[in-house]
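Just below is one structure, and these are the notes that go with it.
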Amino acid sequence: MKTAVVTGGGSGIGLAIAERLSADGHHVATLDLKPAGPGFAQAADVTDRAQVDLALAAVRERHGPIAILVNAAGMDGFKRFTRLEFADWQRVIDVNLNGVFHCVQAVLPDMLEAGWGRIVNISSSSAQSGQQLMAHYVAAKSAVNGLTKALALEFGPAGITVNAVPPGFIDTPMLRRAEERERLGGTVEDHIQRTPVRRVGRPEDIAAACSFLVSEEAGYITGQILGVNGGRNT
Ligand code: NAP
C-alpha cells in the first residue's frame with residue numbers, strides 16, 4: 001500500500017484512476033479545482049504552486065510521503081490559430097504543462113528520499129496526430145510527452161519511473177462538452193465507426209494502464225508513451 005496523488009481526480013479519467021488505485025489498495029488523495037473524488041480530496045489549482053504545496057502537505061500529514069503521482073488535470077480549448085489570443089495560449093499551457101511541472105517538482109523530494117517513485121502523465125493522442133483548432137492544447141500535451149522522456153532519464157537511477165499515457169477519445173465530461181459544442185467533427189457515435197475497436201474509450205481503460213504503470217512489476221518501463229486509444233493512433 002502506497003500513497004498516491006491523482007490530479008484532476010474529481011472527474012472523468014482522473015476520477016477513474018483514483019478509484020482504481022484505491023481499489024488496488026493505495027492511499028489515494030485527489031487534487032482538483034473543487035475537492036472531489038474518492039479518498040482524501042483536496043482543492044488545488046495545479047497552476048498555483050502555493051496551492052499545490054499546501055494540498056500536498058495535507059496529504060503527507062494524513063498518509064505520509066507520496067510514492068505515486070498521476071497528473072490527469074487538464075483543460076481543452078478550440079480556436080483557429082489566427083484567433084488565438086495569447087491569454088488562451090497561456091492558460092492552456094499553464095494547466096496542461098506548467099501544472100505537471102509544479103506537481104512533479106513538489107512530489108519528487110519524497111520519491112528521492114524513498115529511492116522509489118512512479119509518475120504517470122496523462123497527455124493526449126492529439127500530440128501524436130495533431131488536431132486542428134487545438135494548437136495550444138497539442139503544443140502543451142506534446143511538451144508533456146517530451147518532459148516525460150527527459151524526467152525518465154534524469155530520475156531512473158533514483159528508482160523513479162516516469163511514463164505518459166496519451167488517451168484518445170475517452171467518454172468523459174470533457175469529450176461530451178466538445179461534442180455538444182460541435183468540436184469533434186461529428187458525434188461520438190460517428191467517431192466509433194472510425195475507431196478500430198468500434199467503441200468509445202472508457203475512463204477505466206486509462207485507469208487500467210495507470211494501475212500497471214505504477215505497479216512494482218512495471219519498474220523496467222520508463223520514458224514510454226503508452227497510447228490507449230482503441231487503435232485510432234498507432
Ligand atoms: P474532465 O472530465 O474535464 O476532467 C478534468 C479534471 O481536471 C476536472 O475535474 C477539472 O476540473 C480538473 N482541472 C482542470 N483544470 C484544473 C486545474 N487548473 N487544477 C486542478 N484541476 C483542474 O476531463 P477528462 O476527459 O477526464 O481529462 C483528463 C485528462 O485527460 C486531461 O489532461 C485531458 O487533457 C486528457 N485527455 C482526455 C481525452 C478524452 O478523450 N477525454 C483525450 C485526450 C486527453 P473542472 O471540471 O472544475 O474544470
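Checking the conditions here, which among Arg49, Arg20 is away from the ligand (no atom under 13 Å from the Cβ) and not aromatic (Phe, Trp, Tyr)?
Arg20
Considering only residues that are among the small types (Gly, Ala, Ser), touching a Leu at 6+ places or on another chain (Cβ under 7 Å) and in a loop (DSSP other than H, G, I, E, B), which ones fall in the range 182-234?
Correct list: Gly223 only.
Please report, ordered by residue number, the helices (runs of 4 or more DSSP H) entirely within the range 28-137 with at least 3 residues that are within 23 Å of Met174 (Cα to Cα).
Fully inside the range 28-137 and qualifying: 86-93, 99-114, 126-129.
Quickly run through the range 191-223 and pick out the residues that are touching an Asp or Glu at 6+ places or on another chain (Cβ under 7 Å) and among the basic types (Lys, Arg).
Matches in the range 191-223: Arg202 only.
Checking Pro203 against (1) under 22 Å from Asp94 (Cβ atoms); (2) crowded, with 18+ Cβ neighbours inside 10 Å, which single condition isn't satisfied?
So the condition that Pro203 fails would be (1).
Given the conditions (1) on the phi < 0 side of the Ramachandran plot; (2) within 13 Å of the ligand (Cβ to nearest atom); (3) surrounded by 16 or more Cβ atoms within 10 Å (Cβ to Cβ), which single one is not true for Gly8?
Here Gly8 meets the rest and fails (1).
Looking at Val120, Val107, Val165, Val144, which is the one that is surrounded by 23 or more Cβ atoms within 10 Å (Cβ to Cβ) and more than 12 Å from the ligand (Cβ to nearest atom)?
Of the residues listed, the single one that is surrounded by 23 or more Cβ atoms within 10 Å (Cβ to Cβ) and more than 12 Å from the ligand (Cβ to nearest atom) is Val107.
Does Leu21 meet the test of being in a helix (DSSP H, G or I), crowded, with 24+ Cβ neighbours inside 10 Å and touching a residue at least 12 places away in the same chain (Cβ under 8 Å)?
Criteria met by Leu21.
Considering the range 200-218 alone, what residues qualify as being within 13 Å of the ligand (Cβ to nearest atom) and without any contact (Cβ under 8 Å) to a residue 40 or more places away in the chain?
Val200, Gly201, Asp205, listed by residue number.
How many residues are more than 10 Å from the ligand (Cβ to nearest atom) and of a type outside the set (Asp, Glu) if we restrict to the range 169-183?
Summing the residues that are more than 10 Å from the ligand (Cβ to nearest atom) and of a type outside the set (Asp, Glu) in the range 169-183 gives 2.
For residues in the range 24-39 being within 20 Å of Gly99 (Cα to Cα) and buried (at least 20 other Cβ atoms within 10 Å of the Cβ), which is modelled with the lowest pLDDT?
For the range 24-39, the residue satisfying everything is Gly37.
I'm trying to understand the selection: among the residues of the range 128-138, which are surrounded by fewer than 23 Cβ atoms within 10 Å (Cβ to Cβ) and either of a type in the set (S, T, N, Q) or under 20 Å from Thr7 (Cα atoms) (or both)?
Those that are surrounded by fewer than 23 Cβ atoms within 10 Å (Cβ to Cβ) and either of a type in the set (S, T, N, Q) or under 20 Å from Thr7 (Cα atoms) (or both): Gln128, Ser129, Gln131, Gln132, Val138.
I'm trying to understand the selection: among the residues of the range 52-95, which are in contact with a strand residue (DSSP E or B) (Cβ under 8 Å, 6 or more places away or on another chain), without any contact (Cβ under 8 Å) to a residue 60 or more places away in the chain and within 16 Å of the ligand (Cβ to nearest atom)?
Val52, Ala55, Leu56, Ala58, Val59
The values are calculated or read from the model by the stated rules, or taken from the named source; none is laboratory data. All values derive from a computational prediction rather than experimental measurement. FYI the Cβ positions are ideal-geometry reconstructions off the backbone, even for glycines, and counts take in every protein chain you see.
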